Amino acid sequence: MTTLSASSRLNKTVRQHYMSLPQGGKCQVTYIWISKNGEDLRGKTRTLETEPKSIDEIPEWNFCTAHRFSQVQMSYSEMFLIPVCMFRDPFTLDPNKLVLCEVLNNDRLPAETNHRMGCKKVMDQVQEHQIWFGMEQEYTLLGMDKNPFGWPQWGFPAPQGHYHSGVGADKAIGRDIMECHYKACLYAGIKICGTNSETMPSQWEFQVGPCEGIEMGDQLWVARFLLHRVCEDFGVLATLDPKPVKGNWNGAGGHMNVSTKQMREEGGLQYIEQAIEKLSKRHKEHIKVYDPHGGQDNMRRLTGENETANINEFTAGVADRAVSIRIPLKVSNDKKGYFEDRRPAANCDPYLVTKAIASTCLLEDVEQVKDN
Ligand code: ADP
Ligand code: MN
Ligand code: MN
Ligand code: MN
């Protein structure tokens with residue numbers, strides 16, 4: 001049996017009484033930021049006197065981090081939280097807000113895992129190209145015991161082949177999470193454009209986009225926050241590990257779909273081909289920033305099996321899913337549209353991925369691909 005969290009078993013009917021109390025015209029604002037491991041999200045909440053009408057009305061905040069030097073020695077430093085975009089809160093409802101923040105060190109320089117600033121710089125430089133991104137976020141549900149949710153305690157579920165977009169209790173495992181996350185995203189104002197169950201049982205996907213420039217990273221990080229938060233209510237975990245189960249089970253990716261204004265216009269395919277040519281020359285640099293561990297995580301996933309290309313090779317093709325870059329069939333037929341970079345791992349930082357793609361495809365300066 002899958003183990004569910006203790007909190008998820010608290011009495012939710014009692015909770016509902018308090019959640020429906022009026023809140024005296026005040027506004028609860030939850031500040032969200034990326035943790036120092038570059039993967040986890042954090043959030044804390046404060047009361048504002050009135051409902052903020054725009055991001056400019058949300059004050060900076062801070063948090064304290066402790067670094068342990070030894071068993072006894074600790075050093076504390078204060079980090080700044082700089083609000084960058086605001087969403088409606090689907091958990092405590094209107095007028096309450098979720099606010100994504102950038103993190104600055106106490107010298108007000110970007111924190112080590114704040115890749116938004118560098119991404120924004122590139123997106124500003126390439127603004128005239130109106131670059132759009134759409135990301136597919138795959139994830140795997142786990143019980144509190146860290147085993148895939150709903151898998152048998154001993155052995156494995158039936159082999160892959162009938163789970164993708166599957167219907168039926170033996171095919172779609174944990175649909176509640178997907179459906180509730182979808183609604184939460186729509187309520188919040190996330191540009192979620194679809195969902196599906198994946199090839200491995202208990203694996204799901206949602207798609208966000210198209211988003212222009214910096215908006216891709218902002219939206220995706222908040223969509224991830226919502227996912228983890230929805231899972232919390234149900235007492236399960238969502239992992240973005242790119243290969244949660246070894247062997248002949250599909251890994252989890254963060255496919256990034258990309259187009260510029262030129263690619264979307266009549267005859268745009270030639271610009272897609274130019275971009276692929278440029279990407280082919282910087283494969284290694286891209287792989288380095290496509291997961292949080294310099295390619296180590298993706299090494300387990302990009303094996304050349306299970307709908308992936310080998311991590312050491314750059315390949316491209318039409319309607320082919322065992323390649324680094326895929327041109328969808330419709331795009332090839334229409335001779336315009338977008339391309340799909342299938343390499344990013346599910347746990348990638350979308351700011352780093354979109355920054356690398358925009359720099360390689362649209363900037364001459366090689367330096368730009370490096371993080372920060
Ligand atoms: P796949 O066939 O690879 O599973 P999905 O349907 O899951 O594709 O996802 C398609 C993604 O492509 C979505 O995130 C969508 O926002 C994005 N997308 C669609 N059109 C464009 C475009 N012109 N530019 C960039 N992204 C796009
Ligand atoms: Mn997809
Ligand atoms: Mn998928
Ligand atoms: Mn895809």
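The values are calculated or read from the model by the stated rules, or taken from the named source; none is laboratory data. Computed from a predicted model, the values in this text were never measured in an experiment. Neighbour counts are summed over all protein chains in view; Cβ atoms, including those assigned to glycine, are modelled from backbone coordinates with ideal geometry.
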Answer with yes or no whether N114 is surrounded by fewer than 19 Cβ atoms within 10 Å (Cβ to Cβ) and in contact with an Asp or Glu (Cβ under 9 Å, 6 or more places away or on another chain). no
How many of the residues in the stretch 215-269 are in contact (Cβ under 8 Å) with a residue 40 or more places away in the chain, polar (S, T, N, Q) and either within 16 Å of ligand 3 (Cβ to nearest atom) or touching a strand residue (DSSP E or B) at 6+ places or on another chain (Cβ under 8 Å) (or both)? 5
List the number of the failed condition for G294; all other conditions in (1) on the phi > 0 side of the Ramachandran plot; (2) touching a Phe, Trp or Tyr at 6+ places or on another chain (Cβ under 8 Å) hold. (2)
Mind listing whichever residues of the stretch 176-213 are within 16 Å of ligand 3 (Cβ to nearest atom), without any contact (Cβ under 8 Å) to a residue 40 or more places away in the chain and part of a helix (DSSP H, G or I)? M178, Y182
Given the criteria free of Cβ contacts under 8 Å to residues at least 24 places away in the same chain, assigned by TED's automatic domain parsing to the domain that holds M135, away from ligand 1 (no atom under 14 Å from the Cβ) and not in a helix (DSSP H, G or I), does G294 qualify? yes
Of the conditions (1) surrounded by fewer than 18 Cβ atoms within 10 Å (Cβ to Cβ); (2) away from ligand 4 (no atom under 14 Å from the Cβ); (3) in contact (Cβ under 8 Å) with a residue 12 or more places away in the chain, the single one that T315 does not satisfy is (3)
The condition of being loosely packed, with under 15 Cβ neighbours inside 10 Å and of a type in the set (A, V, I, L, M, F, W, C) holds, among C64, C27, C119, only for C64
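For (1) within 16 Å of ligand 1 (Cβ to nearest atom); (2) not in a loop (DSSP other than H, G, I, E, B), each residue gets a yes or a no:
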{"site": "N114", "(1), (2)": "no, no"}
{"site": "K120", "(1), (2)": "no, yes"}
{"site": "M135", "(1), (2)": "yes, yes"}
{"site": "L141", "(1), (2)": "no, yes"}
{"site": "Q153", "(1), (2)": "no, no"}
{"site": "P159", "(1), (2)": "no, no"}
A careful count of residues in the stretch 241-279 that are assigned to a helix (DSSP H, G or I) and of a type in the set (A, V, I, L, M) gives 6
